[in-house]
1. Testing A:M237 on (1) more than 14 Å from chain B (Cβ to nearest Cβ); (2) open to solvent by 10 Å² or more (accessible area, probe 1.4 Å); (3) in contact (Cβ under 8 Å) with a residue 24 or more places away in the chain, one condition comes back false. Which one is that?
2. Can you tell me which residues in the stretch A:62-95 are within 14 Å of another protein chain (Cβ to nearest Cβ) and either open to solvent by 50 Å² or more (accessible area, probe 1.4 Å) or over 22 Å from A:F235 (Cβ atoms) (or both)?
3. In the stretch C:5-15, what residues are within 12 Å of chain B (Cβ to nearest Cβ) and open to solvent by 70 Å² or more (accessible area, probe 1.4 Å)?
4. Would a scan of the stretch B:41-52 turn up a residue that is under 24 Å from B:G229 (Cβ atoms) and either modelled with pLDDT of 95 or more or part of a loop (DSSP other than H, G, I, E, B) (or both)?
5. Can you go through B:L234, B:L142 and tell me which one is away from chain C (no Cβ under 14 Å) and surrounded by fewer than 21 Cβ atoms within 10 Å (Cβ to Cβ)?
6. With respect to the numbered conditions (1) open to solvent by 30 Å² or more (accessible area, probe 1.4 Å); (2) in contact (Cβ under 8 Å) with a residue 12 or more places away in the chain, which one is the sole condition not fulfilled by A:L224?
7. Of all residues in the stretch B:59-73 being in contact with an Asp or Glu (Cβ under 9 Å, 6 or more places away or on another chain) and part of a loop (DSSP other than H, G, I, E, B), which is nearest to B:K116 (Cα to Cα)?
8. Quick check on this structure: which one of A:E163, A:E187 is open to solvent by 30 Å² or more (accessible area, probe 1.4 Å) and within 22 Å of A:V253 (Cβ to Cβ)?
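The values are calculated or read from the model by the stated rules, or taken from the named source; none is laboratory data. Note that the structure is a prediction, hence the values are computed from the model and not measured. Using ideal geometry, Cβ is built from the backbone for each residue, glycine included, and neighbour counts are taken over all protein chains shown. Calculation scope for accessible area: heavy atoms of the full protein, side chains included, ligands and nucleic acids excluded. Shrake-Rupley method; radii C 1.70, N 1.55, O 1.52, S 1.80 Å.
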Amino acid sequence: MSFLDFIKQYEGFDFKKSFDQVKENDIITALSGDNLNQSDFLALLSPKACAYLENIAQRAHQLTLNYFGRTIQLYTPIYLANYCESRCLYCGFQAGNEVKRTKMNFKQLEKEAKFLAEQGFKHVLILTGSSRKQTPVEYIRQCVEILKGYFSSIAIEIYALTESEYSQLIKAGVDGLTIYQEVYDREIYKKVHLSGPKSDHQFRLDAPERAASTNIRCVNIGALLGLGPWRSEVFFMGLHAKYLQDNYPQVEVSLSIPRLRPHKGKFEDVFPVTDQDIVQIVTALRVFLPRVGITLSTRENDVFRDNLLSLGITRLSAGSTTAVGGHTSEFDEANQFEIADTRNLAQIKQVLAEKDYQPVLKDWMHLS
Amino acid sequence: MKDTLIIAGRAIKNRLFVGTGKFPRKSIVKDVLETIKADVVTVSLRRVDLDSQDENILEFVPKSSQLMVNTSGARTAEEAIRIARLSKACGGDGWIKIEVISDSKYLLPDNEETIKATEVLAKEGFKVFPYMTPDLYDAKRLVDAGAVAVMPLGSPIGSNRGIKTKELVQIIINEVKAPIIVDAGLGMPSEAAECMEMGCAAVLVNTAIATAKNQVLMAEGFSEAVKAGRKAFLAKGNQAEQIKAHASSPLTGFLHEK
Amino acid sequence: MKLKFNGKDLEVNNIETLTDLVKDKKLNPESIAISYNNAIIPRKDWERVELKEHDVIDIVMFMMGG
């Protein structure tokens, strides 16, 4: 069993024809029902649904309040290293780019952790590039051991692992996995992932499922919007989340919607995704999957992020940097992508308070 | 339009399953079952009474009906298994409704014992229809254990209160890929129609029919209601509320601000 | 001899096998099942079961219920 079976069924599916056939009634039905199916989701993602954007937003807002209340979870990313063996055309750290390669040693990590913990962060996301050689699972495990002493929750955003490797890291204290398929369309995937471990579409696609079957607490998936036509990509992303939720009900599933940002490299084959598109995406996802969290990273600017809060976002990153050890700025400024929201934790907390949201820095902790 | 229910290899036309308990006379049972052309009929297994020669209930059940033997009386999985095996020795062909109840106040079934019995009996080739207290994860366990359908209760046996467990049963219908048959507690045909509109594969009714003043008429009412509810489910169109127009766009207005 | 029959004590005479018992009590063999000392005995084997003192026998049949 794999989500790939679902994707294969839809290869060759005429999305355009399907969108053309969406009627006003379909959108109305999708907004009135409780247990939305695939056609309801398609209707909400259709170009015709734009005319009902405010209605979809109202429903999304209500559902978010019902299931998440007025709380926003906050976390910060820690880039452990930027060594990479994969050549992915859209990424600043890809193996083909001339970039200063660095990796934190444990002392540096400790310093970074202390700094962030003092700020008040309790949930962190640790990232590496795609390099088993420079950042093997053992190195990551040891980092987790250190970070355990400072944070209540550690999630990983690293190269795809095997089931037993996920088990190892979960045993060490990891409770969340973030892994984006980047692009669900297999042909485009092949085009933008030239070589290296990340070029295996299915191994990556099945990664959240491998982690879920070893009982990881949270799984966060997503697509890098702009790599493929966004309507079909979000469709697959939503169905992927539903697939995980249906088959692994004990796992907390959430979604991210990163949009391609300026970065080092020459990747220009970008499908456009406007701000209005993002609003449609967030609200359609929220209505289709009322209980799935939606994270907004600092790829988006501050004003936009603030406006999206009431539309279905449940998790935000703060005080972000995409440079290795960037929080304590000991290193050079090799960045994965340009940050558009540079506010620190105190500033984000202020905005949330103004908008009547409670910032949640610590959602849970491990007892053992 | 063909809409036959197929369970355990048998085509079932009438989605009203009928229980034969609590009737004043066996002859009425016969009238009811013949009038509505019942497809699935439940009976129990009991010790013979040497003092009064009991006519065999099977004489009152149409030969074309499928017999489903109820393990009522069982308080544990072990007892249910024993009754099931005895039913086979008695000539039953293996359709078993597992009813394990050790609660004499509400008669609520014990899901845990029911799952145990299902596992054993399914392996022995019985077609298991477990009667359960609606719980999504127990329903999944029952299907994993080999049940051919799941029978969540509508409300406690004999209470005739309708489908009080609607939300939970709806969740089970949405998430479990097996026929869901609401059993127990349905008091009126409209309640049976409600179950079918939700997506149930069938319903099982006993007390409401057996204790009605005119059992045959009540059975007809239930039978027709089940058909009506099923048609509504198949024909479900857009009963959506109209979208309220928005004079302003408080949530998405920012997209148009410059 | 004394038997436990459907939970009650039963005194029988000139009964040797289960088949004898069924005939004696005028039961229809086609519509019953027998549990003998907790084991289910198929109809074809009733003839071979020789009853002893204190045997526990349960005879069941389908009845109204559901």
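1. Status for A:M237: all satisfied but (2).
2. If the condition is that a residue be within 14 Å of another protein chain (Cβ to nearest Cβ) and either open to solvent by 50 Å² or more (accessible area, probe 1.4 Å) or over 22 Å from A:F235 (Cβ atoms) (or both), then A:Q62, A:L65 are the ones that fit.
3. Passing the criteria: only C:K8.
4. Within the stretch B:41-52 (the criterion being under 24 Å from B:G229 (Cβ atoms) and either modelled with pLDDT of 95 or more or part of a loop (DSSP other than H, G, I, E, B) (or both)), the answer is yes, since at least one residue qualifies.
5. Only one candidate qualifies: B:L234.
6. The one condition A:L224 does not meet is (1).
7. Only one residue tops the list, namely B:T71.
8. From the options A:E163, A:E187, the qualifying one is A:E163.
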